[in-house]
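Peer 1: Below you will find the structure I want to go over with you.
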Amino acid sequence: MDQIKELPKTYDPHAVEEPLYKWWEENGYFKPETQVAMGQSSWEAPTFTIGMPPPNVTGALHIGHAMTATVEDIMTRYHRMRGDLTLWVPGSDHAGIATQAVVERRLADEGLTRHDLGREKFVERVWQWKEHYHRRITDQHRRLGVSVDWERERFTMDEGLSRAVLTAFIRLYNKGLIYRDDYLVNWCPRCLSVISDLEVEHHEEQGALWYVRYPLVPEGGELSDAPWGSPDWGKGATEWITVATTRPETILGDTAVAVHPGDERYTHLIGRVALLPGVSRPIPIIADAAVEREFGTGAVKVTPGHDPTDYAIGQRHGLPIISIMNRDATINQEGGPYAGLDRYEARQRLVADLEKAGLLVKKQEHTLSVGHCHRCGTVIEPLISTQWFVKMKPLAEPAIAAVRDGRIRIVPEHFEKIYFHWMENVRDWVISRQLWWGHRIPVWYGPDSHPFAAFDAPEAHEQARQHYGHEVELRQDEDVLDTWFSSGLWPFSILGWPDDTEDLRTFYPNSVLETGYDIIFFWVARMIFMGLEMMGDIPFHTVYLHGLIRDELGRKYSKSLGNALDPMQVIEDVGTDALRFTLMTSSTPGVDTKLSEKALVAGRNFMNKLWNIGRFTLNSLPDKIPAVDPEQFTLADRWILSRTDDLTESVTRLFEAYQFGEAGRQIRDFLWDEFADWYVEMSKIRLQGSDAEAKATAQAVLATVLERALRLLHPFAPFITETLWQRLPHEGATIMLAPWPTPAGWQDETAEREMNLVRELIRDIRNARSEYNVEPSRRIAAIVSADAHETFIRSQAPIIEMLARVDGAQFTITRSLAEPPAQAVSLVIGEGILAYLPLAGLIDLDKERERLTKEVADTQAEIERTTALLNKPGFADKAPANVVQGARDKLAAAQERHQKLTERLTSLA
RNA sequence: GGGCGGCUAGCUCAGUUGGUCAGAGCGCCUCGCUUACACCGAGGAGGUCGUAGGUUCGAGCCCUACGUCGCCCACCA
């Protein structure tokens, strides 16, 4: 790999990231084959597999993709380092309606529609679009550092996946799980296609509730047959029934008025006939329990052709279904005088006419939930139409069971409830779309519309020949499949299904499915039932759902809001590693994250800190690190090595629990607060000293600890860790394939405890210096009465001298002190170590007494608290032994401290 | 109408199985260019962990209500 000889003072991510990625990719380090070839894993090893959620080829990656890529890359790099046979498959999604919509918008700029081009030319145009944006997306993913196997990359409309789609469709069709039917579907009048329930977004909107009265046909009599609009319309009526509606234009499609069967206000009207305004249709008054008595007037107009509730009522009562709208939401000939008008214009006109006819009782403000097309925002129109559906009940049941019995685990767990709720109430899935971009439905119709599902036209003809006994003309269904039909096959289609491939046998089921929680129904649920149905096995063991990234105001990032955060710009600003690290450490699984500029800068600063830790270490190392005798380890060495083991254990545990954010934070805190601020500082004494052996030991420990920490950090920050690792003594070609660290037997409780006392002593001296405004450059005298700790404190004298700026010539360390200096600041550290700082000329005895008095009070409070805890009934026998012991130790320490402080205070008095 | 999530220092957020968990970053205050780093170092101020109950020897962490913000689902026209 490329070597930058001199490490610049400030980390420059751009100098390393792109060349490094190229080097990894060219060496095949992302491929499981390489792991095996290098002996780092084997075909028999446990596998780790992720199918990357295929981004849409509609544009550029957004910050959510960066989150997805980061989390998945972290898991992938971790498992790869552990020696699991690791495969992460990238790909992209043709995104049917979304992509068609953006290309149509582009065409519109040229003043064209897709119909001007025709199906073939249009689809060609979309393919061009796809090529362009596909390249852009994959380039962007590379910049994010994803360790995916590019040679296994897939696209939902490539040859293999298209064959998978056909296979799945035909299999479901032959099992009777796919059917074609007329149904009231969500229709987008802009996209001119049906969309699924999931693709409808409901928004609360301010609307109105119109109260309209319909004249009743007199019993045994008749009403005037004057046409609508004439003053005599409905003449002869003596009774009316008033209904309330939010959509008056649908009056034109009413086929009944319904009341609640138990509603006494209307019992006498059930069975009567009302005359429908606008189109003068006689409609019955019926009783149905779905009617809310309290809402409106308690009488509801029934429009089975344009409202789901009404459709259900209509089904129950055998009402005719009248569709009053064309596919573009204009009124058709069923709308009589209103035919040809747009739905909203028809509404206005009809309301005006109703008012003129004296039928509008009142209009009141009303908020209602209006469905919009997920893609284009157009208000959805429920319309009767013929569509293809997947029967969900038989597919949902095993999919529910797989999560219920734990074969699939969802992280965080609370999403399981959401999954169950949806799956248990799932309705049949409309899979046909009236689009041109997508997998065309593999069904051909004979002259009598008999359907034949087949892989291709010849096969359909063969079926038709057998069915009819002779050759017939066939025409293929014009529609394409919902884009999620193909992505639902993703975990196995990317591995070669329907063929029985080596990859499929090795890497199915996948290990983890990682994505944002917003597509749990769209995608996750569908992969689960498709996997179970097609493969007879779960598609993955674990579903990990990350939160959504939001801006500082908590809004989703989106182009239309104008707050889009371009991950490529962020990378320009702070580098990929900083972006990744920040995304992970400022988030927690399943919870939305507000990503702030400040946090990104902090991430960048950490990378720079690490860079400089690396520079320091590298500059301190000789060309060849000599073998080191562990006998030569100082307290500092044993402490940092012990902490390294602690960290390794903790980080590994957190990785296994999917707690990546916490793991990242612990690595950062270790590197910054312990390694850099303490160990590196302490090591300088030996590095700059004349004892060659001591120097070598410090060098070895520095290199060892940093090398391990880099491996732990590598999944988060692949670029900087590889760059530094390559320059440190290491084994292997790349950190990517270096073993994941395991504790090395360095844990040393004594070293940690002793080092903590030294650190506390140093901190207290620094604190005192600061309080007494001692100039930083001035070295001060100190006397330490260390009691039983004398020996090791003495051994740490050089460190204390350097870090607390104590003058070596005036530094006394004794076991005990007969006569402490009066003119001195006194400090009580940990288990009874006393330090005196005779700050000549600076000591203010009043101030010192005041300080000590406060400390005595604090300690007294702690003693009381701990005593109370220990004396609490039940504590000593119910709490675990270590907790009780901990409290006793704490009490003993506080008591000793209290005693020392009091003695000192007395002697000053 | 159901369900879910957030509510922890001025701001943005961590806090894994209930027992050193009251934390970090930024901001603020005092110092400091000590030959890795000013994208830095040292010290400091700052919170009754939304409210009220409860379980427990012990609760940001579990239970029950409530408040508040947000999200998801749902055929009150």
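Peer 1: Taking a ≥ b ≥ c as the square roots of the Cα gyration tensor eigenvalues, with a/c under 1.5 meaning rounded and otherwise prolate when a/b beats b/c, else oblate, which class fits the range A:42-169?
Peer 2: Working: a/c = 3.49, a/b = 1.95, b/c = 1.79.
It comes out prolate by the Cα gyration axes.
Peer 1: According to the Kirkwood expression over distinct Cα-Cα pairs, how big is the hydrodynamic radius of the range A:853-893, in Å? Can you show the working numbers first?
Peer 2: Working: mean 1/r = 0.0939 Å⁻¹.
For the range A:853-893, inverting the mean 1/r across all distinct Cα pairs yields 10.7 Å.
Peer 1: In what order do A:His260, A:His202, A:His141 fall by count of nearby beta-carbon atoms within 10 Å, going from fewest to most? If you can, show how the numbers build up before the last one.
Peer 2: Details: A:His260 20, A:His202 11, A:His141 23.
Fewest-to-most ranking of A:His260, A:His202, A:His141: A:His202, A:His260, A:His141.
Peer 1: So what's the gap between the Cα centers of the range A:583-648 and the range A:321-381, to the nearest angstrom?
Peer 2: First find each Cα centre; the distance between them is then 65 Å.
Peer 1: Explain nothing, just the number: dipole magnitude of chain A about its Cα centre with +1 on each Lys and Arg Cβ and -1 on each Asp and Glu Cβ, in debye rounded to the nearest 20. All intermediate terms of the calculation are to be shown ahead of the outcome.
Peer 2: Values: 99 positive and 132 negative charges, 245 e Å.
Dipole magnitude for chain A comes out near 1180 debye.
Peer 1: Taking the Cα centre of the range A:58-171 as origin, work out the dipole magnitude from +1 charges on Lys and Arg Cβ and -1 charges on Asp and Glu Cβ, in debye rounded to 20. Provide the component values of the computation, followed by the final result.
Peer 2: Numbers: 18 positive and 17 negative charges, 33 e Å.
So the dipole magnitude of the range A:58-171 works out to roughly 160 debye.
Peer 1: Pop a pseudo-label 7 angstrom from the Cα along the beta-carbon direction at both A:Glu656 and A:Asp566 and give the gap in nm to one decimal.
Peer 2: If labels sit at A:Glu656 and A:Asp566, their model points lie 4.4 nm apart.
Peer 1: Next up: So how many Å³ per residue does the convex hull of the Cα atoms of the range A:1-64 work out to? Walk me through the numbers before you get to the answer.
Peer 2: On the way: hull volume 11.0 nm³, N = 64.
It is 172 Å³ per residue.
Peer 1: Please give the helix A:881-908 orientation as an angle from the longest Cα principal axis of chain A, in degrees from 0 to 90, rounded to the nearest 10.
Peer 2: The two axes meet at around 50 degrees.
Peer 1: Would you give the gap between the C-alpha center of the range A:278-306 and the C-alpha center of the range A:163-203, rounded to a whole Å?
Peer 2: 29
Peer 1: When a/c is below 1.5 the answer is rounded, else prolate if a/b is larger than b/c, else oblate, so apply that to the range A:586-626 with a ≥ b ≥ c taken from the square roots of the Cα gyration tensor eigenvalues.
Peer 2: On the way: a/c = 9.23, a/b = 2.83, b/c = 3.26.
Taking the square roots of the gyration eigenvalues as a ≥ b ≥ c, the range A:586-626 is oblate.
Peer 1: Could you name the lysines whose alpha carbon sits less than 27 Å from that of A:Lys356, not counting residues in the same chain fewer than 8 places away?
Peer 2: A:Lys235, A:Lys301
Peer 1: Set the bar at 29 Å for Cα to Cα. Now go through A:Lys854/A:Lys890; A:Lys9/A:Lys624; A:Lys130/A:Lys393; A:Lys391/A:Lys417 and name every pair that lies beyond it. Could the numbers behind the result be given before it?
Peer 2: Numbers: A:Lys854/A:Lys890 19 Å; A:Lys9/A:Lys624 24 Å; A:Lys130/A:Lys393 35 Å; A:Lys391/A:Lys417 22 Å.
In this structure, A:Lys130/A:Lys393 lie more than 29 Å apart at Cα.
Peer 1: Compute the Cα gyration tensor for the range A:252-399, then decide on rounded, prolate or oblate, letting a ≥ b ≥ c be the square roots of its eigenvalues: rounded whenever a/c is under 1.5, prolate when a/b is larger than b/c in the other cases, and oblate in all that remain. Don't jump to the answer; show the numbers that get you there.
Peer 2: Working: a/c = 1.70, a/b = 1.16, b/c = 1.47.
Since a/c reaches 1.5 but b/c is at least a/b, the shape of the range A:252-399 is classed as oblate.
Peer 1: Something else: Please arrange A:Met81, A:Met52, A:Met38 by counting, for each residue, the other beta carbons lying within 10 Å of its beta carbon, fewest first. Spell out each step's value before the answer.
Peer 2: Working: A:Met81 21, A:Met52 25, A:Met38 15.
Least crowded to most crowded, the residues run A:Met38, A:Met81, A:Met52.
Peer 1: Additional query: Cβ neighbours within 10 Å, averaged per peptide: list A:89-96, A:583-590 in order, most packed at the top. Don't jump to the answer; show the numbers that get you there.
Peer 2: On the way: A:89-96: 24.8, A:583-590: 21.6.
For the peptides A:89-96, A:583-590, the packing ranking is A:89-96, A:583-590.
Peer 1: Could you list A:Asp405, A:Asp479 so that the one with the fewest beta carbons within 10 Å of its beta carbon is first and the one with the most is last? Show your work: numbers first, answer last.
Peer 2: Numbers: A:Asp405 8, A:Asp479 22.
Listed from fewest to most nearby Cβ atoms, that is A:Asp405, A:Asp479.
Peer 1: Let me ask you something else. For a protection proxy built on the mean count of beta-carbon atoms within 10 angstrom, sort A:723-730, A:243-250 highest first, please.
Peer 2: Details: A:723-730: 19.4, A:243-250: 21.8.
My ranking of the peptides, most packed first, is A:243-250, A:723-730.
Peer 1: Okay, next question. Please work out how much length the chain gains when fully extended from A:Thr378 to A:Met802, using 0.36 nm per residue of separation minus the C-alpha to C-alpha distance, in nm with one decimal. Let's see the in-between values first.
Peer 2: Values: separation 424, 0.36 × 424 = 152.64 nm, distance 7.08 nm.
Between A:Thr378 and A:Met802, full extension yields 145.6 nm more.
Peer 1: Please give the calculated 222 nm ellipticity per residue for chain A, where each DSSP H segment of at least 4 residues contributes -39500 (n - 2.57) and the sum is spread over every residue; nearest 500 deg cm²/dmol?
Peer 2: Details: 30 runs with 391 residues, N = 909.
Dividing the helical sum by the residues of chain A leaves -13500 deg cm²/dmol.
Peer 1: Mind checking the angle between helix A:96-109 and chain A's longest principal axis? C-alpha axes, 0 to 90 degrees, to the nearest 10.
Peer 2: Around 80 degrees separate the two axes.
Peer 1: What base-10 log of the normalised intensity I(q)/I(0) is obtained for chain A from the Debye formula, alpha carbons as equal point scatterers, at q = 0.05, 0.08, 0.09 Å⁻¹?
Peer 2: For chain A at q = 0.05, 0.08, 0.09 Å⁻¹, log10 I(q)/I(0) is -0.46, -0.90, -1.02.
Peer 1: I'd like the orientation of helix A:749-771 relative to chain A: the angle between its Cα long axis and the longest Cα principal axis, in ° from 0 to 90, rounded to 10.
Peer 2: The angle comes out at about 80 degrees.
Peer 1: Short version: ³J(HN,Hα) in whole Hz for each residue of the range A:452-463, in order, from phi by Karplus 6.51 cos²θ - 1.76 cosθ + 1.60 (θ = phi - 60°), x for Gly and Pro, what are they?
Peer 2: Ordered by residue, 3J(HN,Hα) equals 10, 8, 8, 5, 7, 4, x, 5, 4, 5, 4, 4 Hz.
Peer 1: OK, next. For A:Glu204 and A:Glu365, calculate 0.36 nm times their separation in residues minus their Cα-Cα distance, and state this gained length in nm to one decimal.
Peer 2: Values: separation 161, 0.36 × 161 = 57.96 nm, distance 1.30 nm.
Stretched out fully, the A:Glu204 to A:Glu365 stretch lengthens by 56.7 nm.
Peer 1: A further question follows. How big is the convex hull of the Cα atoms of the range A:554-688, per residue, in Å³? Each step should come with its number before you reach the end.
Peer 2: On the way: hull volume 18.6 nm³, N = 135.
Spread over its residues, the Cα hull of the range A:554-688 gives 138 Å³ apiece.
Peer 1: Kindly list the residues of the range A:151-188 that lie in the label zone of A:Asp197, defined by a backbone N under 19 Å from the point 7 Å along the Cα-to-C-beta vector.
Peer 2: A:177-188
Peer 1: Also: Cross-link candidates for A:Lys121: which aspartates and glutamates have Cα within less than 13 Å, leaving aside residues fewer than 8 places away along the same chain?
Peer 2: A:Glu104
Each value in this text was obtained by applying a stated rule to the coordinates, not by laboratory testing. Bear in mind the structure is a predicted one, so any value in this text is a computation, not a measurement. Cβ atoms come from the backbone with ideal geometry, glycine included; neighbour counts cover every protein chain shown.
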